[in-house]
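Engineer: Encoded as structure tokens, here's the structure I'll be asking about.
The values are calculated or read from the model by the stated rules, or taken from the named source; none is laboratory data. What you are looking at is a predicted structure, and each value in this text was computed from that prediction instead of being measured. Cβ: placed from backbone, ideal geometry, glycine included. Neighbour counts: every protein chain shown. Just so you know, the surface numbers come from the protein's heavy atoms only, side chains and all, with ligands and any DNA or RNA stripped out. Shrake-Rupley method; radii C 1.70, N 1.55, O 1.52, S 1.80 Å.
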Amino acid sequence: MSGPRTAVCGGTVATDYGVFAADILIADGRIAAVGRDPDIARRADEVIDASGLVVLPGAIDPHAHFEDPGHTEREDFTTGTSAAAAGGITTVVEHPLTYPPVTTAQLYREKRDMASAKVVCDFGLWGALCAPALPEMAAQWQEGAFGFKAFMPFSEPAYPHVNDAEFVHGMENAKELGALVLVHAESDALLQAGLERMQAAGRRDPLAHHESRPAFVEEEAVHRALYLARHVGVRIQIVHTSSPESVDLVADARARGLRATAEVCPHHLLLDLDDLVRLGPYGRCAPALRPRELVEGMWQRVLDGTLDSLVSDHCAYTIEEKEPGWEDIFAAPLGCQVMQETVPLVLDEAFHRRGMSLDAFARFSSTNAARTIGLYPRKGTILPGADADLALFDLESEWTVDAKSQQLSKNPWSPFDGRTSRARCVRTLVRGITVHRDGEIVVPPGTGRFLSVHDDFAAAPVAAAGAAA
């Protein structure tokens with residue numbers, strides 16, 4: 001132990017293996033001890049009082065869009081990771097659909113080096129799985145990519161959606177590398193037909209968005225993606241699922257031996273079609289917001305552990321870009337700005353309103369993603385040897401979302417404005433460094449580190465629950 005030591009004392013530790021009263025000793029950015037040993041505080045140079053607080057492993061968000069490079073008027077890596085840290089997220093893996101899209105190893109390297117100077121929490125970058133990127137996948141993996149993102153529906157010309165042959169080719173490349181495939185699963189043919197029906201009917205209202213891409217559009221594509229992945233034998237993550245049927249398809253595939261996982265966003269757990277009508281363009285996302293019965297079905301699969309991980313799918317846009325959607329919902333860009341509220345609001349709903357245990361929430365918000373990406377046990381748990389990535393939450397004091405006064409994103413707005421919560425992140429530590437405290441970022445850009453698939457994410461020998469110094 002060569003550097004200053006920090007102790008987090010008096011809190012309730014809620015991690016993947018249990019919930020218990022314990023102090024945490026941090027040395028050299030790692031957890032050195034966990035337990036109720038009075039010597040922990042005595043050995044520390046700094047003591048953080050966590051009395052009355054819950055200490056969770058920092059959340060891991062493997063699905064974020066920071067629009068950097070290309071559209072930094074919307075967001076950048078500093079503002080995006082600041083919002084993440086303020087919401088208890090300590091690791092973000094950002095997607096390759098920036099401008100230009102990251103379809104080559106050179107573009108991956110340039111983005112990695114640029115972002116490294118801007119971030120306040122740890123980060124990784126997914127590589128691209130699309131036709132132009134197929135020859136570059138191995139080189140992107142060499143640069144650090146844990147996996148590769150594909151679109152089954154239309155994305156944009158510079159990042160074309162895959163046909164089945166291209167998808168299988170990319171899966172075969174990923175399998176050879178031992179990498180993860182991530183896919184936005186919506187049927188392009190069904191989606192285009194739905195958009196044409198809405199146009200023919202003169203529909204431009206908010207509900208036309210949902211009716212153009214109902215749950216079946218997602219479910220068919222999920223079925224096809226899992227079938228192809230099983231044929232190839234590659235690991236696959238279905239991103240931002242919004243239908244219980246999609247989640248059940250993943251669970252069925254997993255039961256048959258496929259390494260398949262599913263993620264869910266806060267807006268598909270906390271909002272429904274009534275909110276789409278109310279929010280208009282600010283509720284336009286893909287997949288679309290769903291009817292209440294599907295939202296309840298998604299919660300059932302969160303609570304029984306079928307759904308693997310919570311993600312933000314944070315998509316930042318300016319208010320000027322969203323506003324035209326009031327006249328024509330299809331004129332608004334797709335995506336919700338939710339990074340800072342994702343963990344606090346879902347934690348509030350899960351724990352206070354639906355009875356989810358805190359250790360289950362730790363797995364849902366951190367551990368499962370760490371395992372899927374390959375970061376565990378260095379990240380996603382509170383054990384000796386793990387990185388000291390911690391989020392301290394007050395689960396008693398009530399607060400109300402007011403994006404304009406609270407958000408650290410570049411253009412503050414939130415589909416959750418006005419929602420009350422009894423889960424507030426008061427402090428966030430990344431590798432033992434306090435990066436966020438009481439709504440403010442207290443470190444300079446560049447504090448975060450790039451995480452590469454080639455890093456060693458094995459922790460020191462893993463101790464049992466409650467292990468003391």
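Engineer: Which condition from (1) among the polar types (S, T, N, Q); (2) assigned to a helix (DSSP H, G or I); (3) open to solvent by 10 Å² or more (accessible area, probe 1.4 Å) is the one that Ser246 breaks?
Structural biologist: Going through (1) among the polar types (S, T, N, Q); (2) assigned to a helix (DSSP H, G or I); (3) open to solvent by 10 Å² or more (accessible area, probe 1.4 Å) one by one, Ser246 breaks only (3).
Engineer: I'm told Glu67 meets every condition in (1) modelled with pLDDT of 95 or more; (2) open to solvent by less than 20 Å² (accessible area, probe 1.4 Å); (3) not polar (S, T, N, Q) except one. Can you identify the failing condition by its number?
Structural biologist: Result: Glu67 fails condition (1) only.
Engineer: Of the residues that make up region 419-434, is at least one assigned to a loop (DSSP other than H, G, I, E, B) and surrounded by fewer than 16 Cβ atoms within 10 Å (Cβ to Cβ)?
Structural biologist: no
Engineer: Looking at region 253-274, which of its residues are within 20 Å of the chain's Cα centre (by Cα) and open to solvent by 40 Å² or more (accessible area, probe 1.4 Å)?
Structural biologist: Once the filter is applied, which keeps residues that are within 20 Å of the chain's Cα centre (by Cα) and open to solvent by 40 Å² or more (accessible area, probe 1.4 Å), region 253-274 yields only Arg259.
Engineer: Then there is this: Does Thr367 fit the bill of being in contact with an Asp or Glu (Cβ under 7 Å, 6 or more places away or on another chain), modelled with pLDDT of 95 or more and surrounded by 23 or more Cβ atoms within 10 Å (Cβ to Cβ)?
Structural biologist: Yes; evaluated as a whole, the condition is true for this residue.
Engineer: On to the next question. Would you check which residues across region 51-62 are crowded, with 24+ Cβ neighbours inside 10 Å, out of contact with any Asp or Glu (no Cβ under 7 Å at 6 or more places or on another chain) and among the small types (Gly, Ala, Ser) and list them?
Structural biologist: Across region 51-62, the qualifying residue is only Ala59.
Engineer: What is the number of the single condition among (1) in a strand (DSSP E or B); (2) among the hydroxyl-bearing types (Ser, Thr, Tyr); (3) farther than 23 Å from Phe146 by Cα that Ser51 does not meet?
Structural biologist: Going through (1) in a strand (DSSP E or B); (2) among the hydroxyl-bearing types (Ser, Thr, Tyr); (3) farther than 23 Å from Phe146 by Cα one by one, Ser51 breaks only (1).
Engineer: Another question, if that's okay. What pairs come up if the first residue lies in region 135-147 and is within 18 Å of Asp122 (Cα to Cα), the second is open to solvent by 50 Å² or more (accessible area, probe 1.4 Å) and not small (Gly, Ala, Ser), and their beta carbons are under 7 Å apart, counting only those six or more places apart or on different chains?
Structural biologist: Final answer for the pair search is Glu143/Arg109; Gly144/His454.
Rundown of residues vs (1) open to solvent by 20 Å² or more (accessible area, probe 1.4 Å); (2) more than 23 Å from Cys9 (Cβ to Cβ); (3) not polar (S, T, N, Q), yes/no style:
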| site | (1), (2), (3) |
| --- | --- |
| His352 | yes, yes, yes |
| Ser357 | yes, yes, no |
| Asp389 | no, no, yes |
| Phe393 | no, no, yes |
| Ser397 | yes, no, no |
| Thr400 | yes, yes, no |
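Engineer: Give the residues of region 280-312 that are surrounded by fewer than 16 Cβ atoms within 10 Å (Cβ to Cβ) and on the phi > 0 side of the Ramachandran plot, sorted by residue number.
Structural biologist: Within region 280-312, just Gly305 meets the criteria.
Engineer: Another question, if that's okay. Considering only region 18-36, state which residues are in contact with a Lys or Arg (Cβ under 9 Å, 6 or more places away or on another chain) and in a loop (DSSP other than H, G, I, E, B).
Structural biologist: Answer for region 18-36, where residues must be in contact with a Lys or Arg (Cβ under 9 Å, 6 or more places away or on another chain) and in a loop (DSSP other than H, G, I, E, B): Ala22, Asp28, Gly29.
Engineer: Still on this structure, I have one more. Any residue at all in region 87-99 that is at pLDDT 95 or above and open to solvent by 10 Å² or more (accessible area, probe 1.4 Å)?
Structural biologist: no
Engineer: Another one. Does any residue of region 179-193 turn out to be over 22 Å from Ala286 (Cα atoms) and modelled with pLDDT of 95 or more?
Structural biologist: Within region 179-193, one or more residues are over 22 Å from Ala286 (Cα atoms) and modelled with pLDDT of 95 or more.
Engineer: Would you confirm whether or not region 28-35 contains a residue that is open to solvent by less than 40 Å² (accessible area, probe 1.4 Å) and acidic (Asp, Glu)?
Structural biologist: No, that holds for no residue.
Engineer: Also, quick follow-up: Look at region 38-50 and say how many of its residues are touching a residue at least 40 places away in the same chain (Cβ under 8 Å), of a type outside the set (Val, Ile, Thr) and open to solvent by 40 Å² or more (accessible area, probe 1.4 Å).
Structural biologist: Final tally of qualifying residues: 5.
Engineer: Which one of the conditions (1) acidic (Asp, Glu); (2) farther than 17 Å from Pro266 by Cα; (3) in a helix (DSSP H, G or I) does Asp348 fail to meet, given that it meets all the rest?
Structural biologist: (2) is the only condition that Asp348 fails.
Engineer: Just need a number here: residues in region 351-395 that are of a type outside the set (Ser, Thr, Tyr) and part of a helix (DSSP H, G or I).
Structural biologist: Here the count works out to 15.
Engineer: Out of contact with any helix residue (DSSP H, G or I) (no Cβ under 8 Å at 6 or more places or on another chain), open to solvent by 10 Å² or more (accessible area, probe 1.4 Å) and not in a helix (DSSP H, G or I), is that true of Leu334?
Structural biologist: yes
Engineer: A follow-up question, please. Could you run through region 313-331 and say how many residues are closer than 30 Å to Val93 by Cβ and either open to solvent by 10 Å² or more (accessible area, probe 1.4 Å) or under 23 Å from the mean Cα position of the chain (by Cα) (or both)?
Structural biologist: Final tally of qualifying residues: 11.
Engineer: Taking the stated definitions as given, is Val277 crowded, with 16+ Cβ neighbours inside 10 Å, touching a Pro at 6+ places or on another chain (Cβ under 8 Å) and on the phi < 0 side of the Ramachandran plot?
Structural biologist: Judged against the criteria, Val277 is not a match.
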